[in-house]
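Structure, as structure tokens:
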Amino acid sequence: SICKVFVLCELLGGEFSENTETTESGFFALGALPELFTEKNNYDQIKLCFEAKDAEHWETRFD
């Protein structure tokens, strides 16, 4: 089985360091996302995260 988890985090400080998995990082509005590597994440999944962040009462979704 495959499990995918999205977690809302708060940036407390520090700086990004390029590594073997990630060459850069950034923050984007939903309407200004860079090209996605859709084998890992797609637009609908990210949109769902924005909806959860903005919801007053969010229920976890399982599929």
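For the stretch 39-63, give me the residue count where each residue is surrounded by 10 or more Cβ atoms within 10 Å (Cβ to Cβ) and part of a loop (DSSP other than H, G, I, E, B).
The qualifying residues number 3.
Residues of the stretch 28-63 being under 17 Å from Cys3 (Cα atoms), modelled with pLDDT of 90 or more and not polar (S, T, N, Q), which ones?
Asp44, Ile46, Leu48, Cys49
Condition first: surrounded by 10 or more Cβ atoms within 10 Å (Cβ to Cβ) and closer than 26 Å to Thr60 by Cβ. Now tell me which residues in the stretch 1-24 satisfy that.
Of everything in the stretch 1-24, just one residue is surrounded by 10 or more Cβ atoms within 10 Å (Cβ to Cβ) and closer than 26 Å to Thr60 by Cβ, namely Phe6.
Any idea which of Ala52, Ala29 is in contact with a Ser or Thr (Cβ under 9 Å, 6 or more places away or on another chain) and not β-branched (Val, Ile, Thr)?
Ala52
The values are calculated or read from the model by the stated rules, or taken from the named source; none is laboratory data. None of these values were measured; they are calculated from a predicted model. Please note: Cβ atoms are built from the backbone with ideal geometry, for glycine as well, and neighbour counts cover all protein chains shown.
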